[in-house]
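These notes concern the structure reproduced below.
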Amino acid sequence: MTHRIAVSSKVEDARAESLLRNLKTLFPQSALEGASYVQAYTIDAELTTSELQRAAERLTHPVTELSSIEKIPTPVFSYALEVGYLPGVTDNVGRTARETIEDCLGRSLGSAGVYSSYFLFLKGAISETEAQAMARELHNPLIERANVHSTTSDFKITVPRVELHEHTAVDEVNLVVDDAELSRIGKEGIANEDGTRRGPLALSLKQLKVIREYFAKQKRPGRSGNPTDIELESLAQAWSEHCKHTIFADPLDEVKEGIYKRYIKGATEKIRKQKGKKDFCVSVFKDNSGAIAFDEKYLITHKVETHNSPSGLDPFGGSVTAIVGVNRDCLGFGLGAKPIANVYGFCVADPNDTTELFRDIAKTQPLLPARRILEGVIRGINAGGNQSGIPTPLGFIAVDPSYRGKPLVFGGTVGLIPRKKGAKKLYEKKAKPGDYIVMLGGRVGLDGIHGATFSSESLSSGSPATAVQIGDPITQKKLSDALIREARDKRLYSSITDDGAGGLSGSVGEMAGESGGAQVDLEKIPLKYPGLAPWQVWLSESQERMTLAVPKAKWAAFKRICDRHDVEATRIGEFTKSKRVAIRHKGKTIFDISLDFLHDGRPIEQQKSSKPYRDLRNPDMLNRDLRNPDMQKVMLEMLGRPNIGSISFVSQQYDHEVQGTSVTKPLHGKGRVNADAGVIQPVFGSEKGVVLSHGYTPWYSALDTYAMAAAAIDTAVRNAIAAGASRDYLAILDNFCWSSSEKPERLYELKQAAKACYDIATAYGTPFISGKDSMFNDFRGFTVDGKSTHIAALPTLLVSAIGVIPDVTKAMTIDFKRVGDLVYVIGETHDELGASEISGFTKSRYGNVPVVDVKKNAKTYDAVSTAIQKGLIASAIGVGRGGLGIALAKSTVAGQLGAQVDVSKLPGNAKSAEAILFSESQGRLLVSVSRTAQKEFEKVFKGVSFALIGEVVQAASLSITLPDSKVELPLSTLTESYRSFFKQW
Amino acid sequence: MKKPYVIIFSGYGLNTEDETKAVFESVGATADIVHINDLIAKPSLLKKAQIVVMPGGFSYGDDTGSGKAYGNRLKQHLGEAIEEFLKRDTLMIGICNGFQIITNAGLVPGALLTNDSGRYSCRWVDLEVTGESPWLKGIKTLSVPVAHGEGNYYAPPETIAQLKKDGAIALKYTEGETAKHFKTPANPNGALENIAGVTSHNGRVLGLMPHPERAVRFTQLPHWTWHKEEYVRNGKAIPTEGPGLQLFRNAVNYFTSV
């Protein structure tokens, strides 16, 4: 028997109001008048009437809500929309309802399902077509179902029970086939009996031949020389670009050791050597996060990840997973670091872009509209970050049409971990032979199967829907509490890692490398529902799981802690020293591969790049486009662009105060302007702070990826300096998001960018401590006219900086503070308008791309750090996207104070008004200084290019004198323009 | 004088236990973070406590309604133990999700609805003290952050009338120093009569949406870099404390001062 409990509000319901507002905005022509919301819980179990009543009581707030058993209470309505999840999709509300019911009944509901859904009753004379259109807006068909009910509906119950009739045996895969079939296995996957394919393995012909040869040589009693499906799927996952970073690892042209080893790791090695005793790196490039010293007691870790392809399909679920997933990179550092800050970044198309695109030629699989992608990814970090109790001090939105096919969703997590507990170093770990393999946290379902191989491919109609996982932050928070609050410091486990890409196959494979082998009993792995094939269990990317190595003697104590925290812990096997990973299933060995082959059997590919042809027209083109513009108008329009304007609506919906560590907020000054750096004070009682900043300049990739990467690093460093950091205690992280990486031209661009990483990082002495890449951010599909189209994301490098400062009271904000303060531009302003924000504005990217002068900039940054430490600066902002004009506007709006400046004589070669205001020359800061500090301030800047350009004034306007003209803009107008783009969000 | 002992509840997604413990310890209490399941297994643990904190967080992800699932669990398994605890001369505070939990458990009246904006909001607010409570002794106004999606206080008219009669409306959102500085509306969530916090048990139990534990240092203020210039330019030392600290001091003093 299936039951349903419906809960409705008896007071004004903001959920209904907010959905109504959204629908009214989206359907301004409709006669929609009102909406009411009913939450429903479907219970697929035998319950007595009295049990149902008790359950309903528990699910209803007596003061504000009403419940109804079996029947859906219907207000006056024209149509009702019902939205619920598809079978197997993570349903957090359903899970909590289940726990509530079990708790009040005092008994388990066993394998019976409890599912949540909601009804939205719409009032007003709307048509069925409109109701259908509204239903489409309210759900994502990849994860949810929506039913439209008319007034005559009987509101029949839908039970999203998972019913798998799949083939659950282990199959051998015949690799003794011709090259064409072998290639097909690689591209489309293993063939099922009915001829369908299981989804891409992303294995090349060369790799498949190596695999064929390996298994042919194995002498396995009773077995042919072919791998089983679980073996082949597991190898595909282990060798995927996503896991092995093959493009960064394999030789590229003359770089035999690969660009990662030479340019990224190589930079860090050189810097660490140079720093000698001042080296602050502790654990870099070898664990789930990178770690630097915080003080003598603690380390700070950082890791930034992307979750792009799934976020394109299900923006909400993808972005929740992005953030809770990277939280596990923190929990999985050493023996577990406590997550203390999240950062985010969304690279998306203009949300107002309404171009329709389809994944298939029949146009049955539309891409979600740009607006819904942005809304969804914002909501995802909200749910993931807020529910986990981790503050979000920093983030950004970057807009470019090239992100229309696949958004880039960056999620990063900073962690804190004591160096030692007793004599044991907490930042080191090693699984030992004999330790139990323990799976902790959630259970295994079909979620995210082929995730690792999928993200190594571009988004197209073959992209599997099961590639989408939805995070469950509370299950993970419970897991985190059990580990960080108790088990870690009692030293109850010897190693831990995250179940991320490839699920158990990845984590157990990796940890088997520590001990020397692993033996797994597959049927011990707890499942969400029956019917999964062994290869699916092994590769599933169901979230909120971590794998631990627990010594046998510690198991009982470990299990007790998990039970108290209501966290599921299961022994699924043992670490060994057999030098093999072996899996048993129903008494048979279904998987047996040597560690050597699993980890290092992948054939190395020699990659070749070639220099792309570029149509670099005369830089004067741009200036011609901009001849005699109305600079006042341009300033305001620039402020209203999404790459520059306020995203305060995002900053304010992400908790940045939790944990009580906030020092400078995401929004600075009276005018609440988004900053590009944030400072936290992670240890109660210590004055030390951690500065976090970001740098990204993907637009420059259209002209020169070396310049792009150089500027991204320079920007991250500059933003950190402006917030109070100094170069001598600053580390950086790299996140490459490339596209079309199979093309030699793109590889050339990649090599150039990697080379820039080396050059700039070593010049600044800022080591890379961790990084990640995502190489195929491409969309291949169809336009509304049925034409095939390819959208390749701009080659994008996100640089995240993390530094330690001795005293948080020296942290700096961007807002002008007091009338009379002097305003300085530090650094040189050159005519570098190529691919600048203003050039995007005129749809012309030509011009000189900003070039980073590391020698000059290093001097500039050191002087700024010194001046901040001496207390000589009242405000500082890195001059970034939009140039000096925008930096001036931001400090003015943030301080809600006017400024009067003359920028007609700046150091550098910028001469035209547009170059002076909007050139994006690197290495510049705009600072304000109290008059009493002027002398000492200027002394610090001896030998550095700077200009005193004016002062902060009482008059509420920004007045800028240019060579032949003047810009005069009221503060209120500036503020309004700055807040305009996302005003309705 | 013996230090008062504080029990801070944890588990199922509560998440502000660490900072709350640190603040209590900084003002002279001893504090333990205790999982609700440990208290259910051994309710007598509460007998040692003078102060019980239901801290902020996101218990059960706000699924089925904020504070509902945890509140139910508390009421069902620890209702009597909490009643016993409150029979003694003790203090209890529910902060944010903790407030939502203790309303659901029936320890303070009212309910917390979804913010009128329909969205989670994290920012600073100003509060005026409008009721009597040991927690609020000597405080007239204070500025602290809120961070919640369901902080819109509601109670039926008869409850509001009773609360007023009892002087149990303890805190109201008001247009104070930070609201004026940032030009933000006083009421962040549409709360009825601007109610930010209420009390029961003669003020000994305080439930409030804002987070005093996140406002205990000067450098936690949202505009401290602006204020700092005033101090520096006048040759004065920068303050170290934030406005929320007094609440915790008051709680400790309740047991330690004669």
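The values are calculated or read from the model by the stated rules, or taken from the named source; none is laboratory data. Treat the numbers as computed from the prediction; the structure is a model and nothing was measured. Neighbour counts are summed over all protein chains in view; Cβ atoms, including those assigned to glycine, are modelled from backbone coordinates with ideal geometry.
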- Message: If A:THR664 meets every condition in (1) within 21 Å of B:CYS122 (Cα to Cα); (2) within 14 Å of another protein chain (Cβ to nearest Cβ); (3) out of contact with any Gly (no Cβ under 7 Å at 6 or more places or on another chain) apart from one, which number is that one?
- Response: (3)
- Residues being without any contact (Cβ under 8 Å) to a residue 60 or more places away in the chain and within 19 Å of A:LEU974 (Cα to Cα) - total across the range A:901-933: 1
- Considering only the range A:558-576, how many residues are within 24 Å of A:ARG223 (Cα to Cα) and surrounded by fewer than 17 Cβ atoms within 10 Å (Cβ to Cβ)? 0
- Message: Every residue in the range A:647-668 that is touching a strand residue (DSSP E or B) at 6+ places or on another chain (Cβ under 9 Å) and closer than 19 Å to A:PHE981 by Cβ, please.
- Response: A:ILE647, A:SER648, A:VAL650, A:SER651, A:GLN652, A:GLN653, A:TYR654, A:PRO666, A:LEU667, A:HIS668
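Among the candidates A:ASP329, A:ASP360, A:ASP350, single out the residue that is closer than 30 Å to A:PHE294 by Cα and of a type in the set (Asp, Glu).
Exactly one of A:ASP329, A:ASP360, A:ASP350 is closer than 30 Å to A:PHE294 by Cα and of a type in the set (Asp, Glu), namely A:ASP329.
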- Output for the range A:43-69, where each listed residue is closer than 18 Å to A:THR2 by Cβ, of a type in the set (Ser, Thr, Tyr) and in a loop (DSSP other than H, G, I, E, B): A:THR48
- Inside the range A:143-187, can you point out the residues that are in contact with a His (Cβ under 7 Å, 6 or more places away or on another chain) and of a type in the set (Val, Ile, Thr)? A:VAL170
- Subset of the range A:796-832 (residues that are closer than 30 Å to A:PHE280 by Cβ and more than 14 Å from chain B (Cβ to nearest Cβ)): A:THR796, A:LEU797, A:LEU798, A:VAL799, A:SER800, A:ALA801, A:ILE802, A:GLY803, A:VAL804, A:ILE826, A:GLY827
- Task: Test A:THR705 against the stated conditions and say whether it is buried (at least 23 other Cβ atoms within 10 Å of the Cβ) and farther than 21 Å from A:TYR861 by Cα.
- Result: yes
- Some residue of the range B:75-94 being basic (Lys, Arg), buried (at least 24 other Cβ atoms within 10 Å of the Cβ), within 11 Å of chain A (Cβ to nearest Cβ) and more than 12 Å from B:VAL205 (Cα to Cα): no
- Note on the structure: Restricting attention to the range A:714-750, the residues that are surrounded by fewer than 24 Cβ atoms within 10 Å (Cβ to Cβ), charged (D, E, K, R) and closer than 25 Å to A:LYS856 by Cα number exactly 2
- What residue, of B:ALA22, B:ALA31, is more than 12 Å from every other protein chain (Cβ to nearest Cβ) and hydrophobic (A, V, I, L, M, F, W, C)? B:ALA31
- Return yes when B:ASN72 is out of contact with any Ser or Thr (no Cβ under 8 Å at 6 or more places or on another chain), surrounded by fewer than 24 Cβ atoms within 10 Å (Cβ to Cβ) and facing another protein chain (nearest Cβ under 10 Å) and no when it is not. no
- Task: Kindly indicate whether B:GLY131 is touching a residue at least 60 places away in the same chain (Cβ under 8 Å), more than 11 Å from chain A (Cβ to nearest Cβ) and surrounded by fewer than 21 Cβ atoms within 10 Å (Cβ to Cβ).
- Result: yes
- Go through the range A:258-287 and count every residue that is outside any helix (DSSP H, G or I), at pLDDT 95 or above and in contact with a helix residue (DSSP H, G or I) (Cβ under 8 Å, 6 or more places away or on another chain). 5
- Message: I'd like to know if the range A:843-851 contains one or more residues that are surrounded by fewer than 19 Cβ atoms within 10 Å (Cβ to Cβ), more than 14 Å from chain B (Cβ to nearest Cβ) and at pLDDT 95 or above.
- Response: yes
- Message: Kindly evaluate B:GLY61 against the criterion of being more than 12 Å from every other protein chain (Cβ to nearest Cβ) and either assigned to a helix (DSSP H, G or I) or in contact with a Ser or Thr (Cβ under 8 Å, 6 or more places away or on another chain) (or both).
- Response: no
- Select, from A:ALA716, A:ALA675, A:ALA712, the only residue that is within 30 Å of A:TYR298 (Cα to Cα), within 14 Å of another protein chain (Cβ to nearest Cβ) and not basic (Lys, Arg). A:ALA675
- All helices (runs of 4 or more DSSP H) inside the range A:124-242 with 1 or more residues being surrounded by fewer than 20 Cβ atoms within 10 Å (Cβ to Cβ) and of a type in the set (Gly, Ala, Ser): A:128-138, A:179-188, A:205-217
- Message: Among the residues in the range A:910-922, are any part of a helix (DSSP H, G or I), under 28 Å from A:GLY724 (Cβ atoms), in contact with a Lys or Arg (Cβ under 8 Å, 6 or more places away or on another chain) and among the acidic types (Asp, Glu)?
- Response: no
- Taking the range B:1-19, which residues are among the acidic types (Asp, Glu) and facing chain A (nearest Cβ under 8 Å)? B:ASP18, B:GLU19
- Considering only residues that are of a type in the set (A, V, I, L, M, F, W, C), within 22 Å of A:GLU12 (Cβ to Cβ) and in contact with a helix residue (DSSP H, G or I) (Cβ under 8 Å, 6 or more places away or on another chain), look in the range A:64-92 and name the one that is surrounded by the fewest Cβ atoms within 10 Å (Cβ to Cβ). A:VAL83
- Message: I need a count of the residues in the range A:73-109 that are at pLDDT 90 or above and of a type in the set (Val, Ile, Thr).
- Response: 6
- Task: Just give me the residues in the range A:531-553 being out of contact with any strand residue (DSSP E or B) (no Cβ under 9 Å at 6 or more places or on another chain) and either at pLDDT 95 or above or assigned to a loop (DSSP other than H, G, I, E, B) (or both), in sequence order.
- Result: A:GLY531, A:ALA533, A:GLU541, A:ALA553
- Restricting attention to the range A:630-650, the residues that are within 14 Å of chain B (Cβ to nearest Cβ) and crowded, with 22+ Cβ neighbours inside 10 Å number exactly 2
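State yes or no: is A:GLY380 touching a residue at least 12 places away in the same chain (Cβ under 8 Å) and not in a strand (DSSP E or B)? Before the answer, list the steps.
On the way: touching a residue at least 12 places away in the same chain (Cβ under 8 Å): yes; not in a strand (DSSP E or B): yes.
When the stated conditions are applied, A:GLY380 passes them.
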- For residues that are more than 9 Å from every other protein chain (Cβ to nearest Cβ) and either part of a loop (DSSP other than H, G, I, E, B) or modelled with pLDDT under 95 (or both), tally how many sit in the range B:100-118. 3
- Could you check the range B:153-258 for helices (runs of 4 or more DSSP H) lying wholly inside it with 2 or more residues that are facing chain A (nearest Cβ under 10 Å) and at pLDDT below 95? none
- Would you point out the residue of the range A:325-353, among those that are β-branched (Val, Ile, Thr) and touching a Lys or Arg at 6+ places or on another chain (Cβ under 9 Å), that is farthest from A:GLN984 (Cα to Cα)? A:VAL326
